[in-house]
Amino acid sequence: MTDIAPAIARTVPDLRALVASWRAEGKRVGLVPTMGALHAGHISLVEIARRHADRIIVSIFVNPTQFAPTEDFSKYPRTFEADLAKLTGIGTDAVYAPTVEVMYPPDAATTVSLKGPATAGLEDIARPFHFAGVATIVAKLFTQSAPDVAVFGEKDFQQLAVIRRMAADLDLPVEVIGAPTVREADGLAMSSRNVYLSAENRAKAPELHRIMQAASSGIVAGEAPESTLARARKAIAAAGFTPDYLELRDAADLGEPRIGRPRRLLAAATLGTTRLLDNIAVD
Ligand code: AMP
């Protein structure tokens, strides 16, 4: 690996020319989609992508269509130079950073329509248009870069299920790989939005993960899930969060848990003005 900074592509033709040159050499291509404000979680996705591909593209695009008008699109952290520095020397071959105009020409009129995991009754309740925005931009990133593999974090577990389903349903020739959640030392899942937390709330934030772990252990030990979840929801509220959901689901399709299949505990809760997401395996 060299210290050479990644190539930067800002348009679809530039990106395609790079990918074509790699393909001519017989290289496998990996894509890591991000919205920038990179942290160790994102870097882990690049490292995982490198195990599956010879050339790695990291896309950085704050996608307006996945934010509701009330959400933080305009104040979402944008740290391009720092991101580029973090991607240098770790085997990133290209950064794809298109403008909104490149991704959404004024006459754009097509979106991806979703059911299944996208309507599981988790994130989609609080954010009804979010996954259509995510799926549309990811479909475009896939067709623009034509990767062999793409890596997504389990941190956004419902998103990962939505992307897997979309790739299968639309026969997109890309292998979707899920990557484990990278956490701070105190258990808080890393997120670009953690910078919004006040010092006081940052200290409280890992409690969400601790409560989830306790609930998961209880369920694995044979407690009735509903009463354990009810107790954990109360504990989340008592710890100062505004709980959104805490649900036990089938890990593959996010439907109701079924005997003999992997289960996942998923939560969202707001602390101050920051909405935190987390999920863990229950096994
Ligand atoms: P974002 O920039 O927040 O859109 O995230 C880009 C990708 O990084 C998504 O696939 C996320 O699931 C993943 N990601 C975000 N946070 C983490 C984390 N703490 N650990 C692993 N992957 C993450």
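Annotation note: of E154, E184, the sole residue that is within 11 Å of the ligand (Cβ to nearest atom) and not assigned by TED's automatic domain parsing to the domain that holds I60 is E184.
For segment 79-90, state whether one or more residues are surrounded by 15 or more Cβ atoms within 10 Å (Cβ to Cβ), in contact (Cβ under 8 Å) with a residue 12 or more places away in the chain and within 20 Å of P13 (Cα to Cα). No, that holds for no residue. Considering each residue of segment 168-176 in turn, none proves to be of a type in the set (G, A, S), in a loop (DSSP other than H, G, I, E, B) and either closer than 22 Å to R55 by Cα or free of Cβ contacts under 8 Å to residues at least 60 places away in the same chain (or both). For A109, the criteria (1) touching a residue at least 40 places away in the same chain (Cβ under 8 Å); (2) among the small types (G, A, S); (3) more than 27 Å from E175 (Cβ to Cβ) hold in every case but one, which is (1). Within the option set S44, S59, S21, being surrounded by fewer than 19 Cβ atoms within 10 Å (Cβ to Cβ), in the same structural domain as L141 (by TED's automatic domain parsing), within 16 Å of the ligand (Cβ to nearest atom) and among the hydroxyl-bearing types (S, T, Y) holds for one residue only, S44.
Quick grid of which residues meet (1) within 20 Å of V176 (Cα to Cα); (2) assigned to a strand (DSSP E or B):
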residue	(1), (2)
P13	no, no
A17	no, no
S21	no, no
P33	yes, yes
L38	no, no
R50	yes, no
V58	yes, yes
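Can you find even one residue in segment 127-144 that is aromatic (F, W, Y), surrounded by 16 or more Cβ atoms within 10 Å (Cβ to Cβ) and over 15 Å from the mean Cα position of the chain (by Cα)? Yes: one or more hits.
The values are calculated or read from the model by the stated rules, or taken from the named source; none is laboratory data. Everything quoted here is computed from the prediction, not taken from an experiment. Every residue, glycine among them, receives a Cβ derived from its backbone with ideal geometry; neighbour counts consider all protein chains shown.
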